[in-house]
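Each remark here refers to the structure printed beneath this line.
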Amino acid sequence: MTKEYIEVRGAEEHNLKDLDVRIPREEFTVVTGLSGSGKSSLAFETVYAEGQRRYIESLSAYARNFLGQMDKPQVETVEGLSPAISIDQKSAANNPRSTVGTVTELHDYLRLLYARVGTPHCPECGREVGEQSASNMVDRILELPEGTRAKLCAPVVRDQKGAFADLFDELVAEGYSRVEVDGEEYDLAVEKPDLDENYNHTVDVVVDRVKVSPEARSRITDSVETALEEAEGVIKLVLPDPPADIDLGSETRSTGDLAGDEDDAADTDDDRLVVTFSEELACTHCGIDLPEIETRSFSFNSPHGACPECEGIGETKEVDPDLVVKDHSKPLKDVFEPWSYSRSYYRTRLDAVAEHFEVPLDTPFEALDADVQNAFLYGTNEDVVFKRQTKNGTRRKEKPFEGVIPNLSRRYVETDSEGTRDHIEKYMATTTCPACEGSRLKPESRAVLVADASLAEVNRLSIGDALAHFEGMEDEMTERQRTIAEEILKEIRARLGFMDEVGLEYLTLDREASTLSGGESQRIRLATQVGSGLVGVLYVLDEPSIGLHQRDNDKLLDTLEGLRDLGNTLVVVEHDEETMWRADNVIDMGPGPGKRGGEVVVNGDVEDVMSEPRSVTGDYLAGRQQIPVPDERRDPDGHIHVSGARQHNLKDLDVDVPLGNFTAITGVSGSGKSTLLHEILYKGLVRRMNDTDVNPGDHDDIQYEGIETVRLIDQSPIGRTPRSNPATYTGVFDHIRELFAETNLAKQRGYAKGRFSFNVKGGRCEGCGGQGTVKIDMNFLSDVYVPCEDCDGARYNDETLDVTYKDATIADVLDMSVEEAYEFFEGHTGIRRRLELLMDVGLDYMRLGQPSTTLSGGEAQRVKLAEELGKKDRGEALYLLDEPTTGLHSADERKLIEVLHRLTDAGNTVVVVEHELDLVKNADTIIDLGPEGGEGGGEIVAQGTPEHVARQDASHTGRYLRDHLDVDLPGPRAERERERAELRERANERVSELRSEADADTEAAAGDD
């Protein structure tokens, strides 16, 4: 009989305290609690980890050797587990070839659709391409100059794995003696190729070798017909020494790293020409022969479909004129950054061109006519006289001037020097590939149409627009096309629909996966799981509401409830109050963070949580605790004026960011918030202030006064190795090491503060290199990390650990939480001041020595914020933060808001991209972008105080703010809030009764004493 609960007993992972908990199966359970209270330890490190471990253990030892094995979590037993799937906040991919279309598998279905029902067109003239007969091919071959040597080959194997020994025997039996394998010719009568069956190979049968002449027409015709029969309608014409300036159609070119070996290209001889003829496809008007259409013809990860210029990346590196000429006011001889006038090569050229145009070399570049400027940058059409002094006098040479930018581009390609290439790269920028215009596909693939649209055009659509594009597409197809495409279109529409349901309708299919936020990546995986239709699965999710506007949150929750209704179990780590209200069950962890957490405070429905006096979550759900609205809003001290912002979907945006204010940039997902913050504000100001090589997003100008520095506090890791930790990053460890070096024993032994570093030899344990653990290779089992035998995990050698301060070693201090260390170092203001900053941003539970690689993005961001708070400056700094409330409980969010107000009160300007309305209502000014995401966004919908924005009907953010502010307009959740008010009132009465009983018991106990 199936258990009704997942029962966890004796869980002790991280800070869990011998935890017992029951999670209802086939229900939607939220695990919440203060940051660091043990939510992820229960959901991911215990429940999910045990489910995964059991699945992998069920496989054979051979399979486990490839998959690896998960460590057993520290738990006594977990019963009632289903197969577990984790949908967390990890980025989708860092590969530039991964796009939204590829990671969702939509691109696979699109490739299949275009390969099966697509109509090929000529990439030159746009005419629909028809079939080509054998006689047409013969006529084309006879157009070659008489005497041209040619090989007529039948491509019988095209990029397939295998050794093909039987094929070679069959070919010999049929009378063929020569083949080309991967571009290399073999005589089968002498030797047969010994091929590695694990690699792709191309085998072309050499049907005939001829010299082109009118007398050879009959022979060529017979050979062409034979080759077409052998290769099912395809033939290769190989010209070992092609005549100059011939055009036989679609010449195949190598595509660099992608070229395993193209259908019609051989890598062994760059001088030869290989052309594919097909009975199926040829443009008789342009004389272009096209390869047959296959699914791989539409893959930009394959040489058969990728643009040969950018190799399927969609971008190329080009010399940037703005980097070559940074200061137009400089004199002509000094204006070109890569060219030093002191070098004779450059001096000769600049002197000659200046003399040709009769301009002095000390003329400011900006004073030159536009055509003269272009001549220096891009070269001249007319000849220029170049003079060079030699032993025999002055040598003159007349030729066009190449131009500074073409010169750099040519040398970048031709040079063998890494130093030269690195030097030129400083003046290059990544630009959209001019050949494919960023579509990544070759011209032949872009010319195939379905319903009058190419695959490149479909990939540029947003998910919402693509859904509309494919709706009813069958009506535009023939009966045959409809029959073939019916199932393919059903899958395409289903996947697009699932992504639309989770609030991703603004993403374009060609967007790089590496540019997606953690929340977007998670929702893409969630949509994929919804599409899989699995039943009886345990899904564990990590804050799926992150990065999601409140308008889209209901969509997401509907999707989660749909997963549950299929018969799955959902365990969701979440702080969002709306998610808790919609959940079937809530497990509140706590009561505090770190060592004060690790217990289940309450396990029940949302009313049970609100009725529990010890629950901080319940206090905020029931309204007993609230994040207050500021009594007054600050007036701006001026503005940063951005004009003409056009990056991504920003629509020639002009915006004024108030100085000396706390500003929130809001809007639905994909409306352009992060583009404005990162690409325009941050990169634009950094470029202007520091004259760096940072390339800001496309905009006209940024005018600013009263800003001394700009600081971006994002969620990137504070360190890349386990040796980095909060203590080292914030600098507090330097003060602690100095304190230990001042102890009597350290002075007696001559220990300086370097002795107490675990990163250098001397004081650290050399057995583990200061890491505290040693990795044991377990062969086909997972690697095991065990405490170092020499130091028992302390990181230091015995001599260093002899030194103590208040009976604690340096290792003991690293194991303390921030709060414990704050109490421990009483009287040391330098140390306590830095620790207090970490506590102010809600990190009192974090261990000082916790490896930075284990910190979440939100924790890393708050560590950076604490470090910024510790800096002594005069104010006038611009702080930019992107969703700082990520991973924060309402109680911790309140602390964060107080810190942001402190920064602003000190004379700084704080700009935050945020969806969390409790933070947004605390801002002095809101800049709301929209009205929708993607192409429907990029405009300012509303700007002003939260109260002003809340009254704007066009603003989605404003309408949802109404439930959080004292305005006389109802919000979208007003009716729902009225229903919940009764539950809150009932819960608050229950809490009052329980607290009264507790107070009475306390008084009675005191009286007994």
- Query: So which aspartates and glutamates can K391 reach, going by Cα to Cα under 15 Å and dropping same-chain residues fewer than 8 places off?
  - Reply: none
- Message: Between R395 and K761, what's the calculated FRET efficiency when r is the beta-carbon distance and R0 is 56 Å? Round to 0.05.
- Response: 0.35
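Suppose R0 equals 60 Å. What FRET efficiency, 1/(1 + (r/R0)^6) with r the Cβ-Cβ distance, do D953 and Y5 give to the nearest 0.05?
Working: r = 47 Å, r/R0 = 0.78.
The computed FRET efficiency comes out at 0.80.
Enter the mean projected area of the convex hull around the alpha-carbon atoms of the range 563-688, in nm², rounded to one decimal.
Details: hull surface 51.6 nm².
The directionally averaged projection comes out at 12.9 nm².
Report the antiparallel proportion of the DSSP beta bridges in the chain as a percent, rounded to a multiple of 5. Don't skip to the answer; put the middle values down first.
Details: 84 of 121 bridges.
Antiparallel bridges: around 70 percent, rounded to the nearest 5.
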- Message: Before I look further, what does the range 850-1009 give for accessible area per residue, probe 1.4 Å, in whole square angstrom?
- Response: 43 Å²
- Query: In nm, to one decimal, how far is the modelled label at A453 from the one at E487, with both set 7 Å along Cα→Cβ?
  - Reply: 2.4 nm
- Portion, in percent, of the accessible area of the chain that falls on carbon or sulfur, probe 1.4 Å: 43 percent
- C-alpha center-to-center spacing [the range 798-829, the range 688-721] in angstrom: 38 Å
- Task: Just read off the accessible area of L59 with the full protein assembly in place, 1.4 Å probe, to the nearest 10 Å².
- Result: 50 Å²
- Please go through the range 701-761 and write out the trypsin sites (Lys or Arg not before Pro) that DSSP classes as loop and that have at most 11 other C-beta atoms within 10 Å. R720, K761
- Note: H641 to D334 extended length (0.36 nm per residue) minus current alpha-carbon separation gives 107.3 nm
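Cα-based Rg of the range 532-602 per 2.2 N^0.38 Å, rounded to two decimals? Can you show the working numbers first?
Working: Rg = 13.7 Å, N = 71, 2.2 N^0.38 = 11.1 Å.
Relative to the 2.2 N^0.38 Å estimate, the range 532-602 comes out at 1.23.
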- Item | C153 accessible area, assembled protein chains, probe 1.4 Å, Å² | 0 Å²
- Note on the structure: From the cross-link list K555/K651; K326/K442; K317/K399; K333/K399; K683/K871, the entries with a Cα-Cα span beyond 24 Å are K555/K651; K326/K442; K317/K399
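Contour minus end-to-end for V190 and E975, with contour as 0.36 nm per residue of separation and end-to-end as the Cα-Cα distance? Walk me through the intermediate numbers first.
On the way: separation 785, 0.36 × 785 = 282.60 nm, distance 8.69 nm.
The span from V190 to E975 would gain 273.9 nm if fully extended.
Can you check what the net charge comes to around G827, using other residues whose Cβ is under 15 Å from the Cβ of G827 (Lys, Arg +1; Asp, Glu -1)? Show your work: numbers first, answer last.
Numbers: positive: K806, R832, R833, R834; negative: E738, E742, E823, E826, E836.
Value of the local net charge: -1.
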- Task: Can you spot the lysines whose alpha carbon is less than 17 Å from K761's alpha carbon? Ignore those fewer than 8 places along the same chain.
- Result: K753
- Message: As an exercise, identify the GluC sites (Glu not before Pro) in the range 329-390 lying in DSSP coil whose Cβ has no more than 13 other Cβ atoms within 10 Å.
- Response: E358, E382
- Inter-part gap, Cα centre of the range 164-241 to Cα centre of the range 746-777, in whole angstrom, is 68 Å
- In terms of solvent-accessible area of protein heavy atoms at a 1.4 angstrom probe, what is the ranking of H549, H901, highest value first? H901, H549
- So what's the back-of-envelope 222 nm ellipticity for the chain, counting only DSSP H runs of four-plus at -39500 (n - 2.57) apiece and dividing by all residues, rounded to 500? -9500 deg cm²/dmol
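The values are calculated or read from the model by the stated rules, or taken from the named source; none is laboratory data. Here the structure is a predicted model, which means the values were calculated and not measured. Positions of Cβ are generated from backbone atoms using ideal geometry, with glycine treated the same way; all protein chains shown enter the neighbour counts. Note: areas computed on protein heavy atoms with side chains; ligands, DNA, RNA excluded. Shrake-Rupley method; radii C 1.70, N 1.55, O 1.52, S 1.80 Å.
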